[in-house]
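Working notes for the structure below.
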Amino acid sequence: MSDRTDDADETHPHDVDDTPTVTCSRCDHEWDLAYELDDLEVGNQSFEQFAIDHMRHTGHFPDGVSPWVVSCRRCPEGDEFLSSHPARRWAETHARHTRHTVEIEHVDEETKVVAPD
């Protein structure tokens with residue numbers, strides 16, 4: 001049995017870079033989310049925050065992001081969301097207040113229609 005301790009093979013938590021990254025093939029770039037995590041302190045929403053900011057500044061979402069798109073069939077109102085719940089809430093609220101029919105579209109699902117009550 002050896003009394004020798006060898007730290008060379010040990011991995012320390014501070015040695016592992018587990019900062020999430022986001023890529024955009026249209027921009028031909030990859031970003032880490034350290035800014036969103038450390039400076040903005042958005043935590044679990046760091047990916048969503050980056051995707052929203054990227055869309056606002058470039059006009060498109062990064063790779064792997066497909067928004068839920070809500071659009072009114074009667075007026076020019078609509079919006080994009082990164083999860084289904086806020087998209088559904090927007091559609092239901094718009095239909096309730098305007099009595100307009102609203103569509104919710106997502107690439108992975110069939111188009112849903114929210115009609116006024």
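The values are calculated or read from the model by the stated rules, or taken from the named source; none is laboratory data. Everything quoted here is computed from the prediction, not taken from an experiment. Glycine also receives a Cβ, built like all others from the backbone with ideal geometry; neighbour counts cover every protein chain displayed.
List the strands (runs of 3 or more DSSP E) inside the range 17-117, counting only whole elements, that have at least 3 residues being loosely packed, with under 13 Cβ neighbours inside 10 Å.
Numbers: elements: 21-24, 29-32, 68-72, 78-81, 102-106, 109-114.
Here the list reads 109-114.
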Q: Tell me, please, whether a residue that is at pLDDT below 95 and at positive phi can be found in the range 22-38.
A: no
